[in-house]
Amino acid sequence: MLIACIVIFKYMNSKTLLCIKGANIGMMDYSKFISKLSSRRKPSCISELRRALDNCSPSLVWLASGMPNPEKFPFREMTVTLEGGKKLTLSKETLSAGLQYGPSHGYLPFRNQLKRMVEQWHAPPRWAESDLIVTVGNQDGISKALDMLLDPEDFIVVPDPCYSDFLCMLSSLAPQIVAVSVDDQGMRPDILQSALEKAISSGSTGIPKALYLVPNSCNPTGTNMGEERRQEIYAIAQQYDLIILEDDPYCFLQFNDKYLPSFLSMDVDGRVLRFDSFSKVVSSGLRIGFVTGPPPLLQGITLHMQASCICPPMLSQVLIHELLTSWGDEGFKKHISDICQFYKEQRDAMIQALKTHLTGICEWIVPEGGIFVWLKVLHLSDTSAMLLERGAKGDIVLVPGREFMVDSTKPSPYMRAAYSCVTPEEMMKGMENLAKLIQKEIELQSTHT
Amino acid sequence: MKYSRFLTQVSRNRQPSLIREMTNLLAQASPELVFMAGGLPNAQMFPFQAGSITLKDGRALTIHPKLMMDCLQYGPTPGYPPLVKQLKDLTQQLHSPPRWAEMDLIVTAGSQDGLCKALEMMISPGDYVVTQEPCYTGTLSILKPYKPRYLPISGDQNGMCPEALKAALSKWKPEEVQDTEKDVPKDFPPSFLSMDVDCRVIRFDSFSKILSSGLRIGYVTGPKPLVERIVLHAQVSLLHAPAMSQVLVSELLKLWGDEGFFKHTDAVQAFYLDQRNAMLEAAEKHLSDLCEWAVPTGGMFLWLKVPKIHDTWDMILERALTKNVILVPGKAFMCDSSKPCQYMRAAFSIVSPENMDKGCKNLAELIREEMVLQESNASSD
């Protein structure tokens, strides 16, 4: 593989020289990343036959797929009313598409729409060699990506703390985990580097395959990874030949205008799988997300989808497609602006409640986006028992920090609070309750010691 | 029954996500509880407010704003509670599972996703899998990566032959088997679930053929410990079946009631019966000297054997397009895809009677040409 070494200077920093090697002239060798199980997945015969439909004569009699007859589906018309009162009526053809099986990688008009948006937002350096698939929520895409990538002896790099559902996925697959501590920007490059060195000299038969992160409004810490830091992490991923799993469900919930380029936008090698979500923006219940990245990796996810859900929910895709079409770019931007305004106000109310009741009791970093605040209790070593055993009685429930730690046996003084759905009054009351709960816990601990 | 021996290590490793478990706290919470644990987005910011679906019989399902919130927000992994209740009632009514109290149900994103998760729960590379042959390609797709050792059981018009099944399993020592005599309702073939005295059946149901395939709604019924493993897998992957789809199915079933539901399924049955009859007519007209088939007593497929062709694979994949007919070569349904297969599957669900006639005519030409080709290949060998 020929690597043309073009050093890109993004920012001259007095302390660090940023260097992303690029661009690979040829394609990366993706076969080394595919797990043994995933490598044995094959397209279904019927999907192969479907290629015949691409250039067929109109006289072709298609007796191949076991599609049920949509004449017998009982739904005839559908209208939805949007915020502001506008009505969207699905045409007969569109509703039909919403009710029948569709392609495993997504409803074509919707996919095309999303591709246009991704190209516009990220201008991926290797866009011509990239593809995009729709998934049943972005988390299903991530779950299937892990199934595709990891053999049990392989290494995966995660931030510590890490999104708890991701840790749940790992606890069942049981790969080797490389945990990397974070600071107020996320994963620390120096710790990442030394942890990877330790992994590859461990004598394991597995290889470090992937690196997972949530670069914007990280769950649970709420931190944003700055541009320089992203470039450093990308450079390390190049050095150790890792796939980067960029999980970015909060990219549209950023409160200031500071643009943070995605890993996809700096992906000169074709090593990024980017996971986008509509859950925070349009609907979580419709279960629609999408994955962008190199086709050989998307193929592994698509084949698994073919065998499991067959295709992402068609009606959900149709509705979002119609919505985005009706909005156009302007309407979408306005909606994002509105939700950012809402969540910013929620954040402000939360910070106010924290300042009022928890100054001197907890520490926190003010999040610049998303829906979480990561609180550290100053005089407790662990918050689990307090929250799980006494929190409900104290009328306040947050998630104990231990839930997000790679090693959940170690005590953690942290807690994650979500400010998305509570009112400012509830936040005030909640933080007041939390302050009392913590005080009681401190007293309880001192009577024990 | 002890279920742990059926589970893979990966499935055994699954633990509940604490955050989803904490969401259950809300059910018993005092109204004073301030819940800041779940990372739910605020549904007020979702742009869909309300909706309306008109049915083919002219009636309407109204999705008022509160119901629309249920369509758009995260929900419980096992399923939208009103739908779960409806499906449990329906299952109990149709099957009266003997050990119902020990069973549970989960709504899945299509029944195949349930099947996939159930198989992934149990199968490790190299495991033995007993399956009827021919076998649904979707199941083979799920199993293929695990390189299973298939025990394919041949069948007749009634499906899997018990003698063949016993013979295949004879190398293992059977445990005590209970007698499963049961009164059989006359017009409804008894499900395995309805005779499940041991609690060893996982049943996969689907709405794809009767309500909609695109909504992606199916459901799994089975022993609690096994359904729980599927729930835990769903919890970290798709989270739950699409909420709007679940709400629509639930509202429709509510509007129809039992009477309306069975009236609809009767209508679907009658429709597919007409399609089958038209297909048989076309097959009899064009293929009676070339193919053999059994009359399907349900469903949407005709399974054709071509006794004079050694293997239908190349005939279909390489030459059928030129004859303007496509069906599925039987090899796709065989556990061992290295062996030749004389069968083909034709679906009669969507094609019109006119096209059935044309399709069978084209197929007859294709087969005749293939016979000539086969002969000339044989004589040149």
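Reported count of residues in the stretch A:407-422, each being touching a Leu at 6+ places or on another chain (Cβ under 7 Å) and more than 10 Å from chain B (Cβ to nearest Cβ), is 2.
Taking the conditions exactly as written (surrounded by fewer than 21 Cβ atoms within 10 Å (Cβ to Cβ), modelled with pLDDT of 95 or more and under 30 Å from A:PHE332 (Cα atoms)), does A:ASP183 satisfy them or not?
Working: surrounded by fewer than 21 Cβ atoms within 10 Å (Cβ to Cβ): yes; modelled with pLDDT of 95 or more: yes; under 30 Å from A:PHE332 (Cα atoms): no.
Answer is no for this residue.
Scanning the stretch A:60-70 for residues that are of a type outside the set (A, V, I, L, M) and at the interface with chain B (Cβ under 7 Å from one of its Cβ atoms) returns A:TRP62, A:SER65, A:GLY66, A:PRO68, A:ASN69.
Taking the stretch A:35-79 as the range and being modelled with pLDDT of 85 or more and assigned to a helix (DSSP H, G or I) as the test, the residues that pass are A:LYS36, A:LEU37, A:SER38, A:SER39, A:PRO70, A:GLU71, A:LYS72. Quick check on the stretch A:187-199. Is at least one of its residues buried (at least 24 other Cβ atoms within 10 Å of the Cβ) and hydroxyl-bearing (Ser, Thr, Tyr)? Among the residues of the stretch A:187-199, not one is buried (at least 24 other Cβ atoms within 10 Å of the Cβ) and hydroxyl-bearing (Ser, Thr, Tyr), which makes the answer no. Checked against the criterion of being of a type in the set (Val, Ile, Thr), in contact with a Ser or Thr (Cβ under 9 Å, 6 or more places away or on another chain) and not in a helix (DSSP H, G or I), the stretch B:141-154 has at least one qualifying residue.
When A:GLU48, A:GLU77 are screened for being without any contact (Cβ under 8 Å) to a residue 24 or more places away in the chain, facing another protein chain (nearest Cβ under 7 Å) and farther than 30 Å from A:GLU153 by Cβ, only A:GLU77 passes.
Matching residues to (1) under 26 Å from the mean Cα position of the chain (by Cα); (2) in a helix (DSSP H, G or I); (3) within 12 Å of B:ILE367 (Cβ to Cβ); (4) of a type outside the set (Gly, Ala, Ser):
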| residue | (1), (2), (3), (4) |
| --- | --- |
| B:GLY257 | yes, yes, no, no |
| B:PHE262 | yes, yes, no, yes |
| B:VAL268 | yes, yes, no, yes |
| B:VAL295 | yes, no, no, yes |
| B:TRP303 | yes, no, no, yes |
| B:THR322 | no, yes, no, yes |
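Among the conditions (1) closer than 26 Å to B:CYS116 by Cβ; (2) more than 9 Å from every other protein chain (Cβ to nearest Cβ), the only one that B:ARG59 does not satisfy is (1). Picking from residues in the stretch A:263-297 that are among the aliphatic types (A, V, I, L, M) and within 12 Å of A:PRO249 (Cα to Cα), the one that is farthest from the chain's Cα centre (by Cα) is A:VAL282.
Taken over the stretch A:137-185, residues that are part of a strand (DSSP E or B) and not acidic (Asp, Glu) amount to 12. Within the stretch A:436-449, the set of residues being closer than 23 Å to A:PRO161 by Cβ and in contact with a helix residue (DSSP H, G or I) (Cβ under 8 Å, 6 or more places away or on another chain) comprises A:LEU437, A:ILE438, A:GLU441.
Would it be correct to say that A:ILE320 is more than 16 Å from A:GLY141 (Cα to Cα) and either outside the structural domain of A:ALA97 (by TED's automatic domain parsing) or part of a helix (DSSP H, G or I) (or both)? When the stated conditions are applied, A:ILE320 passes them. Count of the stretch B:210-226 residues, restricted to those that are surrounded by fewer than 20 Cβ atoms within 10 Å (Cβ to Cβ) and either closer than 13 Å to B:GLN112 by Cα or modelled with pLDDT of 95 or more (or both), is 2.
Can you say whether B:GLY75 is facing chain A (nearest Cβ under 8 Å), in a loop (DSSP other than H, G, I, E, B) and touching a strand residue (DSSP E or B) at 6+ places or on another chain (Cβ under 8 Å), as far as the supplied structure shows? When the stated conditions are applied, B:GLY75 does not pass them. Restricting attention to the stretch A:387-401 and to residues that are touching a strand residue (DSSP E or B) at 6+ places or on another chain (Cβ under 9 Å) and surrounded by fewer than 24 Cβ atoms within 10 Å (Cβ to Cβ), the residue that is nearest to A:GLN185 (Cα to Cα) turns out to be A:LEU388.
Among the residues making up the stretch A:226-275, those that are more than 29 Å from A:VAL373 (Cα to Cα) and either of a type in the set (D, E, K, R) or not assigned by TED's automatic domain parsing to the domain that holds A:MET148 (or both) are A:ASP241, A:ASP267, A:ASP269, A:ARG271.
Pairing each residue of the stretch B:6-33 that is closer than 27 Å to A:CYS162 by Cα and at the interface with chain A (Cβ under 8 Å from one of its Cβ atoms) with any residue that is in a helix (DSSP H, G or I) and modelled with pLDDT under 80, provided the two are 6+ apart or on different chains, yields C-beta distances under 9 Å for B:LEU33/B:LEU25; B:LEU33/B:LEU26. Kindly evaluate A:LEU375 against the criterion of being within 17 Å of A:GLY222 (Cα to Cα) and not in a helix (DSSP H, G or I). Considered against the rule, which asks whether it is within 17 Å of A:GLY222 (Cα to Cα) and not in a helix (DSSP H, G or I), A:LEU375 comes out as yes. Can you find even one residue in the stretch B:194-212 that is in a helix (DSSP H, G or I) and either in contact (Cβ under 8 Å) with a residue 60 or more places away in the chain or not aliphatic (A, V, I, L, M) (or both)? Yes, that holds for at least one residue.
The values are calculated or read from the model by the stated rules, or taken from the named source; none is laboratory data. As the structure is a prediction and not an experimental result, all values here were calculated from the model. Quick reminder, even Gly has a Cβ in these numbers, built from the backbone with ideal geometry, and neighbours come from all protein chains shown.
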